[in-house]
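Read through the structure below, which is laid out as structure tokens, and then see the notes.
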Amino acid sequence: MKIAMVTGPSSGIGRATTLALARLGFHVVAAGRSPERTMKVVNEIEDEGGSAEFLRLDLASLDSCVAAAREYESSGRDLDVLINDAGVGAVKGLTDDGFEIHFGVNHLGHFMLTHHLRKVLRPGSRVVTVSSEVHRRATGIDFDAVRRRSRSFFGLREYAVSKLANILFTRELARLQPDWRAYAVHPGLANTNIIPGYVRPFIRRRLLTPEQGADTVVWCATADELAAQSGLYYGNRTVWEPARPATDDELGTELWRRSEEWCDVTRRH
């Protein structure tokens with residue numbers, strides 16, 4: 001049985017992705033902060049005759065990302081698919097390690113988790129990272145700003161930077177790990193907790209369901225026709241051209257270098 005790990009499995013697109021993969025026959029590792037909320041999804045899968053388990057993961061803590069990866073590695077199993085879905089939006093704050101909350105959770109936590117799962121990701125394994133068209137609002141990455149609290153209205157600028165980082169991460173991962181397959185996905189404007197409550201009434205008619213939002217995520221994780229592709233950005237099951245900063249290889253290399261430095265990956269091996 002193939003195994004998929006999904007971050008953010010208790011709600012929204014992550015929950016829809018978790019259920020869809022289980023219904024396709026995957027054993028799903030539901031990696032989330034709350035045992036209570038996540039076990040509801042695990043139990044739902046098992047009630048349907050599927051297979052799933054809970055893995056504790058807090059993406060706002062780099063130590064938690066390391067611990068989760070090591071716990072999975074200790075099981076002795078390979079990993080066929082990693083879905084980097086969990087995210088925060090329209091919030092203010094810092095992670096446990098002092099990073100702006102959007103950048104720290106949406107990018108850096110997933111960077112750390114992926115890095116420490118490298119021993120179980122085999123040739124052909126897929127890493128799908130959920131980005132957003134909001135990345136087009138970001139003109140680049142201020143590497144000083146990601147170390148302080150957000151200063152924009154409701155953190156929208158910082159959220160855009162984190163989504164830009166998701167695409168740069170995917171492109172650089174594809175270059176550095178050619179045996180894996182890496183995909184970045186815009187899921188569409190889905191009705192999830194990422195959208196602030198005060199905004200939702202104005203865009204309600206445009207909102208997709210979480211299941212609709214998960215469609216391209218699941219497709220990138222499973223479609224045979226994508227087996228030879230890596231490092232691209234997808235929406236509506238097609239390749240999309242991202243904004244110019246997302247194709248800046250120098251920026252992607254610098255982001256990767258700084259992410260390794262901030263995560264202190266050599267010390268944490």
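One table, with the values for the structure above:
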{"read-out": "Residue list for region 3-38, restricted to those being assigned to a helix (DSSP H, G or I) and farther than 16 Å from residue 82 by Cα", "value": "12, 23, 35, 36, 37, 38"}
{"read-out": "Selected residue (only one of 103, 54, 143 is modelled with pLDDT of 95 or more, assigned to a helix (DSSP H, G or I) and not β-branched (Val, Ile, Thr))", "value": "103"}
{"read-out": "Subset of region 178-193 that is assigned to a loop (DSSP other than H, G, I, E, B) and crowded, with 18+ Cβ neighbours inside 10 Å - its residue that is modelled with the lowest pLDDT", "value": "191"}
{"read-out": "From the options 248, 224, 264, residue that is of a type outside the set (Ser, Thr, Tyr) and buried (at least 17 other Cβ atoms within 10 Å of the Cβ)", "value": "248"}
{"read-out": "Subset of region 7-34 (residues that are of a type in the set (Val, Ile, Thr) and under 16 Å from residue 64 (Cβ atoms))", "value": "7, 29"}
{"read-out": "Residue within region 226-248 that is part of a helix (DSSP H, G or I), in contact (Cβ under 8 Å) with a residue 24 or more places away in the chain, more than 15 Å from residue 168 (Cα to Cα) and not β-branched (Val, Ile, Thr) present", "value": "yes"}
{"read-out": "Which listed residue is at pLDDT below 95, surrounded by fewer than 23 Cβ atoms within 10 Å (Cβ to Cβ), on the phi < 0 side of the Ramachandran plot and among the hydroxyl-bearing types (Ser, Thr, Tyr), from 61, 75, 11", "value": "11"}
{"read-out": "Members of region 68-95 that are in a strand (DSSP E or B) and more than 15 Å from the chain's Cα centre (by Cα)", "value": "79, 80, 94"}
{"read-out": "Unique match (being at pLDDT 95 or above, among the acidic types (Asp, Glu), under 19 Å from the mean Cα position of the chain (by Cα) and closer than 30 Å to residue 66 by Cβ) among 250, 260, 254", "value": "260"}
{"read-out": "Residue list for region 115-137, restricted to those being within 15 Å of residue 59 (Cβ to Cβ) and surrounded by fewer than 22 Cβ atoms within 10 Å (Cβ to Cβ)", "value": "115, 117"}
{"read-out": "Positions within region 31-53 being surrounded by 20 or more Cβ atoms within 10 Å (Cβ to Cβ), of a type outside the set (S, T, N, Q) and more than 25 Å from residue 99 (Cα to Cα), in sequence order", "value": "41, 42, 45, 52"}
{"read-out": "Condition check for residue 221: part of a helix (DSSP H, G or I), among the hydrophobic types (A, V, I, L, M, F, W, C) and modelled with pLDDT of 90 or more", "value": "yes"}
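The values are calculated or read from the model by the stated rules, or taken from the named source; none is laboratory data. Just so it is clear, the structure is predicted and the values come from calculations on it, not from any experiment. Ideal geometry is used to build each Cβ from the backbone, glycine not excepted, and the neighbour counts take in all protein chains shown.
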